[in-house]
Each structure stands twice: as C-alpha cells, then as structure tokens.
Amino acid sequence: MKKVKVRLNSHSYEIHIGSGVLRQTGHQLKELGFAGKVVIITNPIVKKLYGNALKQSLTKDGFTAIILEVPDGEEQKSLETAGRLYHGLTGHYAERTTPILALGGGVIGDLAGFVAATYLRGVPLIQIPTTLLAQVDSSIGGKVAVNHGQLKNEIGAFYQPRLVITDIDTLKTLTPKEFANGLAEVIKSAVIWDKEFFAYLERNLDQIKSLDARLLEETVFRSAKIKAEIVEKDERELGLRSILNYGHTIGHAIESASDFKMEHGEAIAIGMLAAGRISNQMGILDQSELNRLKCVIEKAGLPTKIPSLKAKRLIQAMEHDKKVLKGKIRFVLARSIGTVFITDEVNSSLIEQALVG
Ligand SMILES: NC(=O)c1ccc[n+]([C@@H]2O[C@H](COP(=O)([O-])OP(=O)(O)OC[C@H]3O[C@@H](n4cnc5c(N)ncnc54)[C@H](O)[C@@H]3O)[C@@H](O)[C@H]2O)c1
C-alpha cells in the first residue's frame with residue numbers, strides 16, 4: 001500500500017492506494033476516531049460489485065453501515081437527487097459526526113461529497129473512488145458539486161474528504177472505455193507536471209492497460225500525488241490549479257458539440273493534442289515532444305483527431321466555456337512535456353488548424 005498526504009492548512013488527509021485496501025476501511029475509520037453509524041452512498045452497479053466487501057469490513061470493526069443508493073448516471077448529479085439523499089440521511093438519524101462514504105466513480109464522489117458538505121452544515125466525508133478517473137482526479141482536492149440545468153458543476157463547494165481509500169482492484173471491473181477515460185487524466189497529469197512520469201508511461205502503458213498490479217499501483221500513486229501537490233499549492237483554484245484543465249478547453253467544447261455522445265476521456269485526449277499543436281505552431285513546443293504526446297495518446301487507445309464536427313462550431317462552444325475571461329478563450333499550453341502555462345493569447349485561426357490535425 002502506498003500513501004499520499006494532502007497537506008492543507010486545517011484539513012490535511014491521506015490517500016491510501018493499493019490492492020485490497022477497501023477491506024481495511026473499517027480499521028482505517030476506527031483509526032481516525034469514528035465509531036457507530038456510517039452511511040455509504042453508491043449506485044446499483046458499484047453496490048453489486050463492492051457493497052458487500054465494504055459493508056463487511058465496516059461491521060467487522062463494529063460499525064453500523066447504512067447504504068443509500070442512487071441510480072447510475074451523470075444526471076443524478078442534481079439537487080433533486082441530493083434532496084432525496086438528505087431525506088434518507090434524516091430518516092436514518094444521521095448526525096453531524098456520521099461519516100458519509102462515497103463509493104463509486106466521479107459522479108458518486110461529486111454528489112455524495114456535495115451532500116456531505118451541506119447536510120447539517122457538513123459531515124465527515126470519505127472518498128472510496130472506484131473508477132480510474134475518480135482515483136487519480138475527482139476524489140482528490142475537495143471539489144464537490146451538482147449540475148444545474150445544462151450547467152455542469154454549477155452548484156458546489158470546496159469540501160475536503162477526511163480520507164481517500166483507493167483500491168486498485170476495483171479497476172478490474174471497468175470497461176476498457178472507462179479505463180481509457182481515466183488514462184486521459186493520467187496522461188494529463190504527467191504532461192502538466194512530471195516529465196519522468198511521462199517517460200514512465202511511454203515505457204509501461206501496455207502493461208498498465210493489462211492491469212499489472214504493481215505498475216497500476218505506481219501509476220495511480222504518481223498521478224494522485226501530482227494532483228495532491230497542485231491542490232496543496234492552490235486549494236481554491238485562484239491560479240495554478242487551473243493547469244489541471246490542460247486539454248479541457250477544447251475537450252469540453254468537443255463534448256458539448258457532440259451532445260455528450262463522445263466519451264469525456266476521448267474528448268480530453270483530442271483536446272490535449274490540439275493544445276500541443278497550438279503550442280507547436282506558436283513555436284513553443286518542439287515537434288519531437290508533440291510526437292511523443294501523440295504516441296502516448298494513441299498507445300492509451302484514445303483518439304487524436306477531431307471527428308466529423310465542424311471546427312467553427314467548436315470554437316463557438318468554447319466561447320461559451322466558463323473558462324472564457326473577458327471574451328477571450330483561456331488555454332493551458334505546453335512549453336515542454338512536464339511544463340505548462342496559462343494564456344489567453346491564442347489566435348482563433350490557430351485553434352481551427354489544431355482541431356483538424
Ligand atoms: N471533483 C472533481 O475534481 C472532478 C474532476 C474530474 C471529473 N469530475 C466529475 O466526475 C464525473 C465522471 O466520473 P467517472 O468518469 O468516474 O464517471 P462515473 O462516476 O459515471 O462512472 C463511470 C461508470 O462506471 C461505473 N463504475 C464505477 N466504478 C466501477 C467499477 N469499479 N467497475 C465497473 N463499473 C464501475 C459507474 O457506475 C458508471 O456507470 C463527472 O461528473 C465529472 O464532472 C469531478
């Protein structure tokens with residue numbers, strides 16, 4: 001088992017990463033001083049796979065575990081579903097000291113996190129991420145939210161968990177598409193922060209994709225550590241933290257222009273490469289580095305080109321992106337692999353060229 005410490009002023013916490021750590025949840029919660037009742041928020045898919053193992057671990061250590069289930073899907077990140085969960089919590093007499101355990105992917109993590117942040121003005125939150133995306137990204141850093149109408153993550157808070165339990169064994173049941181979604185965020189973390197980790201991915205991606213336990217643990221560890229380091233430096237996204245949006249300005253536009261039919265990771269992969277191309281065309285990023293980025297994205301099984309969507313429509317979608325500042329589109333661009341910077345000085349003709357590859 002590996003540990004990452006997220007050091008924040010008043011609310012530091014650990015991320016426990018390894019094979020089988022889900023079964024130690026009861027013990028870990030006891031160590032943190034919790035006792036009595038806990039509430040698990042999950043969905044039917046994840047409950048069927050991991051609900052019993054989690055419950056057993058909790059009851060073994062003397063906890064009473066209540067499960068609140070919500071249907072699967074992004075549309076559950078809503079105030080309506082949060083309302084139903086508050087109702088469930090009240091019905092089970094959950095108190096201010098009752099921890100909420102978010103067992104699932106990013107949807108459950110964001111929703112249960114939002115409920116934990118707001119129920120009784122905040123109850124303890126434990127993240128137990130079960131997708132690769134959630135393990136390397138959404139469970140770390142305290143962004144919790146629900147969507148509002150068409151607006152994603154519109155209502156939310158910064159609310160850090162007390163502990164993150166990241167069991168890499170849960171990745172075995174993900175579909176290859178879901179795994180690739182997470183790999184896009186893994187690649188992003190290397191591009192923005194750590195050229196050695198990028199080289200590690202170049203060497204090992206095939207074995208990581210075949211779920212080699214040692215390499216997978218190291219990958220999740222290194223990627224989670226990068227996110228933790230960035231969050232430590234800028235918890236509330238006043239500056240640096242926005243580099244985590246590398247590939248996302250174009251990626252989000254592709255997602256929305258495809259009416260969300262395209263997978264998030266696929267859109268981000270295209271966005272990361274397009275941002276690389278823009279940097280290259282601006283004379284900032286070497287062609288050899290751009291080639292390396294393309295190779296890794298391809299090796300991960302992610303797309304590198306825009307589908308049949310029109311570049312102009314995408315630029316319009318980007319203009320609506322919330323990262324637009326004073327009418328300009330804000331980009332995270334790569335200087336080299338491992339170093340990025342933020343700019344709004346990107347000519348829209350360059351964006352069009354970068355999109356068509
Ligand atoms: N808070 C943040 O900082 C942050 C960062 C990135 C993304 N997000 C959010 O994360 C969400 C996307 O998360 P996601 O990609 O994990 O999607 P998700 O939570 O919808 O999970 C994807 C699918 O995998 C299933 N699943 C989960 N774990 C499984 C397992 N171990 N085996 C088999 N199936 C499993 C889920 O039920 C779902 O059908 C979005 O809502 C996004 O806004 C938040």
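So which residues in segment 31-52 are part of a loop (DSSP other than H, G, I, E, B) and either open to solvent by less than 10 Å² (accessible area, probe 1.4 Å) or over 21 Å from Q160 (Cβ atoms) (or both)?
Across segment 31-52, the qualifying residues are A35, G36, N43.
From the list E80, E95, which one is under 20 Å from R121 (Cα atoms) and in a helix (DSSP H, G or I)?
E80
Please verify whether T118 is free of Cβ contacts under 8 Å to residues at least 60 places away in the same chain and either within 8 Å of the ligand (Cβ to nearest atom) or within 17 Å of I100 (Cα to Cα) (or both), treating the condition exactly as stated.
Considered against the rule, which asks whether it is free of Cβ contacts under 8 Å to residues at least 60 places away in the same chain and either within 8 Å of the ligand (Cβ to nearest atom) or within 17 Å of I100 (Cα to Cα) (or both), T118 comes out as yes.
Within segment 193-238, which residues are over 15 Å from the mean Cα position of the chain (by Cα) and small (G, A, S)?
The answer is A199, S210, A213.
Just name the residue that is surrounded by the most Cβ atoms within 10 Å (Cβ to Cβ) out of those in segment 200-223 that are touching a Lys or Arg at 6+ places or on another chain (Cβ under 9 Å) and hydrophobic (A, V, I, L, M, F, W, C).
Result: V220.
Just the residues that are free of Cβ contacts under 8 Å to residues at least 60 places away in the same chain, touching a helix residue (DSSP H, G or I) at 6+ places or on another chain (Cβ under 9 Å) and either hydrophobic (A, V, I, L, M, F, W, C) or within 11 Å of the ligand (Cβ to nearest atom) (or both), please, taken from segment 48-74.
A53, L58, F63, A65, I66, I67, L68, V70, P71, D72, G73
Identify, please: which residue in segment 244-296 is part of a helix (DSSP H, G or I) and among the hydroxyl-bearing types (S, T, Y) and is, among those, surrounded by the most Cβ atoms within 10 Å (Cβ to Cβ)?
Among residues in segment 244-296 that are part of a helix (DSSP H, G or I) and among the hydroxyl-bearing types (S, T, Y), the one surrounded by the most Cβ atoms within 10 Å (Cβ to Cβ) is S279.
How many residues, within segment 103-115, are near the ligand (Cβ under 7 Å from one of its atoms), open to solvent by 10 Å² or more (accessible area, probe 1.4 Å) and among the hydrophobic types (A, V, I, L, M, F, W, C)?
Qualifying residue count, segment 103-115: 1.
Looking at L183, L240, L211, can you tell me which residue is within 16 Å of the ligand (Cβ to nearest atom), at positive phi and hydrophobic (A, V, I, L, M, F, W, C)?
That would be L211, the only listed residue that is within 16 Å of the ligand (Cβ to nearest atom), at positive phi and hydrophobic (A, V, I, L, M, F, W, C).
Return a yes/no flag: does segment 54-68 have any residue that is surrounded by 12 or more Cβ atoms within 10 Å (Cβ to Cβ) and closer than 26 Å to L151 by Cα.
Scanning segment 54-68 turns up at least one residue that is surrounded by 12 or more Cβ atoms within 10 Å (Cβ to Cβ) and closer than 26 Å to L151 by Cα.
When you go through (1) in a helix (DSSP H, G or I); (2) without any contact (Cβ under 8 Å) to a residue 60 or more places away in the chain; (3) not hydrophobic (A, V, I, L, M, F, W, C) one by one for Q28, which number turns out not to apply?
Single failed check for Q28: (2).
Take segment 138-154 and flag every residue that is part of a strand (DSSP E or B) and open to solvent by less than 50 Å² (accessible area, probe 1.4 Å).
V144, A145, V146, N147
Starting from residues that are of a type in the set (D, E, K, R) and in contact with a helix residue (DSSP H, G or I) (Cβ under 8 Å, 6 or more places away or on another chain), keep the ones in segment 186-204 and report whichever is nearest to the ligand (Cβ to nearest atom).
Among them, the one singled out is K188.
Tell me, which residue of segment 331-357 that is surrounded by fewer than 15 Cβ atoms within 10 Å (Cβ to Cβ) and hydrophobic (A, V, I, L, M, F, W, C) is nearest to the chain's Cα centre (by Cα)?
Checked segment 331-357; the qualifying residue nearest to the chain's Cα centre (by Cα) is F341.
If you go through segment 155-199 one residue at a time, how many are assigned to a helix (DSSP H, G or I) and surrounded by fewer than 16 Cβ atoms within 10 Å (Cβ to Cβ)?
So the count comes out to 7.
Here are some residues: S19, S10. Which one is hydroxyl-bearing (S, T, Y) and over 17 Å from L125 (Cα atoms)?
Answer to the selection: S19.
When segment 163-173 is examined, which residues are found to be near the ligand (Cβ under 7 Å from one of its atoms) and within 15 Å of the chain's Cα centre (by Cα)?
L171, the sole residue that qualifies.
The values are calculated or read from the model by the stated rules, or taken from the named source; none is laboratory data. Not measured: the values here are computed from a predicted model. Please note: Cβ atoms are built from the backbone with ideal geometry, for glycine as well, and neighbour counts cover all protein chains shown. Surface accessibility is based on the protein's heavy atoms, side chains included, excluding ligands, DNA and RNA. Shrake-Rupley method; radii C 1.70, N 1.55, O 1.52, S 1.80 Å.
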